[in-house]
Amino acid sequence: TFIMLPDGTVGTSTWTAKAGGNAEYTNVDNDDGDTDYAYSSTNGERMTFNLASASVSEAEIASINTVTIKESASKTAIGVAYVKFYMMGTDADSGTIATGPDTVTISGASYVTYSGPNETSPNSGDWVYGDLAGLQIRVQQFRNPRFGQNRISYLYAEVDYTAAVAED
């Protein structure tokens, strides 16, 4: 497996950065807990990110098995808090990548890594290496948390693949 971190913000984020202002990809590209994060307490607020290039070359991959969105998140709210994950973007054939929404329950005040489902397809076909170049992640606040915030300090896509076998 390898991970793909956010490396650009798409459009205007309606989540807020810890330091104030709109959240950017730099608020969620390090697993540093309360040092830096993006937060929301308003239903429907969104942030969408482009992802960095894959760290493994196409020649090293026989097939991509799954792509999973993961986040390190906490909440300051009382009760249950939710966010929705979406995979978006443009696939290798200039089609649309569209998975989700996948609702994740944020359950505690300590940062924990939460996972969306293991997506086996970006739309109707299998993942191919070229799909990764156009992959984006959207996170959306779902329902208003009671008297608090959902916080995300780390967000990434985890790619599980089968390695190519080198020929002798």
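The values are calculated or read from the model by the stated rules, or taken from the named source; none is laboratory data. Keep in mind that this is a model prediction, so the values were computed, not measured. Cβ atoms come from the backbone with ideal geometry, glycine included; neighbour counts cover every protein chain shown. Heads up: the accessible areas ignore ligands, DNA and RNA and are worked out on the full protein's heavy atoms, side chains in. Shrake-Rupley method; radii C 1.70, N 1.55, O 1.52, S 1.80 Å.
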What's the number of the condition Asp91 fails, among (1) loosely packed, with under 13 Cβ neighbours inside 10 Å; (2) touching a helix residue (DSSP H, G or I) at 6+ places or on another chain (Cβ under 9 Å)? (1)
Under 9 Å between Cβ atoms, at least 6 apart or on separate chains: pull out the pairs that start in segment 8-23 with a residue that is open to solvent by 40 Å² or more (accessible area, probe 1.4 Å) and end on any residue that is part of a loop (DSSP other than H, G, I, E, B) and β-branched (Val, Ile, Thr). Thr14/Thr42; Asn22/Thr12; Asn22/Thr14
Could you run through segment 1-15 and say how many residues are part of a strand (DSSP E or B) and at pLDDT below 95? 2
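If you take the residues of segment 59-94 that are among the acidic types (Asp, Glu) and modelled with pLDDT of 90 or more, which of them is nearest to Thr14 (Cα to Cα)? Show your work before the answer.
Quick first cut of segment 59-94, residues among the acidic types (Asp, Glu) only: 60, 71, 91, 93.
Next cut, modelled with pLDDT of 90 or more only: 60, 71.
Details: Glu60: 38, Glu71: 18 Å.
Of everything passing the filter in segment 59-94, Glu71 is nearest to Thr14 (Cα to Cα).
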Of the residues in segment 42-53, those that are more than 15 Å from the chain's Cα centre (by Cα) and open to solvent by 70 Å² or more (accessible area, probe 1.4 Å) come to Asn43
Reported set for segment 117-168 where residues are touching a residue at least 60 places away in the same chain (Cβ under 8 Å), surrounded by fewer than 23 Cβ atoms within 10 Å (Cβ to Cβ), of a type outside the set (S, T, N, Q) and in a loop (DSSP other than H, G, I, E, B) is Asp126, Val128, Arg143, Phe147, Gly148, Ala164, Val165
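When segment 99-116 is examined, which residues are found to be part of a loop (DSSP other than H, G, I, E, B) and open to solvent by less than 70 Å² (accessible area, probe 1.4 Å)? Give the steps one after another, and end with the answer.
Initial filter on segment 99-116 (part of a loop (DSSP other than H, G, I, E, B)): 107-111, 116.
Residues satisfying the conditions are Gly108, Tyr111, Gly116.
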Looking at the structure I just gave you, is Phe49 aromatic (Phe, Trp, Tyr) and modelled with pLDDT of 95 or more? yes
Please specify each residue of segment 59-82 satisfying the condition of being touching a Leu at 6+ places or on another chain (Cβ under 9 Å) and either of a type outside the set (Ser, Thr, Tyr) or surrounded by fewer than 18 Cβ atoms within 10 Å (Cβ to Cβ) (or both). Ile64, Val67, Ile69, Lys70, Glu71, Ala73
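Based on what the data block shows, is Tyr37 farther than 30 Å from Val128 by Cα, of a type outside the set (A, V, I, L, M) and modelled with pLDDT of 95 or more? Let's see the steps before the verdict.
Values: farther than 30 Å from Val128 by Cα: yes; of a type outside the set (A, V, I, L, M): yes; modelled with pLDDT of 95 or more: yes.
Yes, satisfied.
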Which condition number in (1) assigned to a loop (DSSP other than H, G, I, E, B); (2) open to solvent by 40 Å² or more (accessible area, probe 1.4 Å); (3) modelled with pLDDT of 95 or more is the one that Val56 fails? (2)
Does at least one position in segment 26-42 carry a residue that is aromatic (Phe, Trp, Tyr) and over 15 Å from Met4 (Cα atoms)? yes
